[in-house]
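Remarks on the structure that follows.
The values are calculated or read from the model by the stated rules, or taken from the named source; none is laboratory data. Not measured: the values here are computed from a predicted model. All Cβ positions, even for glycine, are placed from backbone atoms using ideal geometry, and neighbour counts span all protein chains on display. These accessible areas exclude ligands, DNA and RNA; they are computed on the full protein's heavy atoms, side chains included. Shrake-Rupley method; radii C 1.70, N 1.55, O 1.52, S 1.80 Å.
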Amino acid sequence: MRPVQLVLLSAAIVTAAEGHRGESCATARHHEFDFVVGNWLVRDSTGQVTGTTTVSKGYGGCVLIETWRGVGSAGESLGVIGYRPDSRRWHRDFLDAGGVVLTLEGEMAGAAMVMTGKDYPAEGVRMHRVAWAPGKDGAIEERWQTSTDEGRSWRVRFYGVYHRIAE
């Protein structure tokens, strides 16, 4: 892990832990995103396996920690997710082996968790919109979209259906 990524990850964990000092993380809002906790096999829209992900609870149940392992060149990534009572929004820091560091914020929209954020590659500002929606069959659909025209148009960056696998 690169030093910058390690510093950002450490800051995210400390921020999440400090934000809940004296708070039990037992409110319903703190558990809105619990549907992602577990071990998952992820397939794309054609049914091909794209990777596995594990989401676990840490730091007294106040932080969700996601570890992604892609198939082939899809790489690895880490997500640190927590609920921020002060803003009543969810916060996610995403880091991958390719140097991507992305911060997302969001909330529940119906049954789906929807988070947005921006990054700043050399070619300009890129907006991100990621939605996770639980299905009736226990699967989760993730749709990650990006926009380079201030949200006028979006393209799918990643689409996956998460199927629960043995713990």
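I'd like the carbon and sulfur percentage of the solvent accessible area for the chain, probe radius 1.4 Å, heavy atoms only, ligands and nucleic acids excluded. Kindly include the intermediate steps, with their values, before the conclusion.
Numbers: 4960 of 9130 Å².
Ligands and nucleic acids excluded, carbon and sulfur give 54 percent.
By accessible area of protein heavy atoms, probe 1.4 Å, what ranking do ILE65, ILE165 get, highest first? Walk me through the intermediate numbers first.
Working: ILE65 45, ILE165 70 Å².
These residues rank, largest area first, as ILE165, ILE65.
How compact and how long is the chain, expressed as Rg and Dmax of its alpha-carbon atoms in Å?
Rg, Dmax (Cα atoms, Å): 15.6, 46.
Treating only the Cβ atoms of Lys and Arg (+1) and Asp and Glu (-1) as charged, compute the dipole magnitude of region 34-167 about its Cα centre; round to the nearest 20 debye.
Numbers: 16 positive and 17 negative charges, 41 e Å.
For region 34-167, the charge dipole is close to 200 debye.
Which one of GLY117, HIS31, SER45 is farthest out on the positive end of the charge dipole of the chain, using unit charges on Cβ (Lys, Arg +1; Asp, Glu -1) and the Cα centre as origin?
With unit charges placed on the Cβ atoms, the residue in question is SER45.
Taking the chain as a Gaussian network, where each spring joins two C-alpha atoms under 10 Å apart, which residue of TYR120, TYR83, TYR59 fluctuates the most?
TYR120
How far apart, in nm, are two points set 7 Å out from the Cα along the Cα-to-Cβ line at THR54 and at ALA111?
The answer from the label model is 2.8 nm.
Once you wrap a convex hull around the alpha carbon atoms of region 73-134, what is its projected area averaged over all directions, in nm²?
Working: hull surface 21.1 nm².
Approximately 5.3 nm², given one-decimal rounding.
How large is ³J(HN,Hα) for each residue in region 62-73, as worked out from phi by the Karplus curve 6.51 cos²θ - 1.76 cosθ + 1.60 (θ = phi - 60°), to whole Hz, x for Gly and Pro?
Result, ordered by residue: 8, 10, 9, 10, 10, 10, 9, 10, x, 7, x, 8 Hz.
Grab the DSSP H runs of the chain that are 4 residues or longer, score each as -39,500 (n - 2.57), total them, divide by all residues and round the 222 nm result to the nearest 500 deg cm²/dmol.
Details: 1 runs with 17 residues, N = 167.
Only helices count here, giving -3500 deg cm²/dmol.
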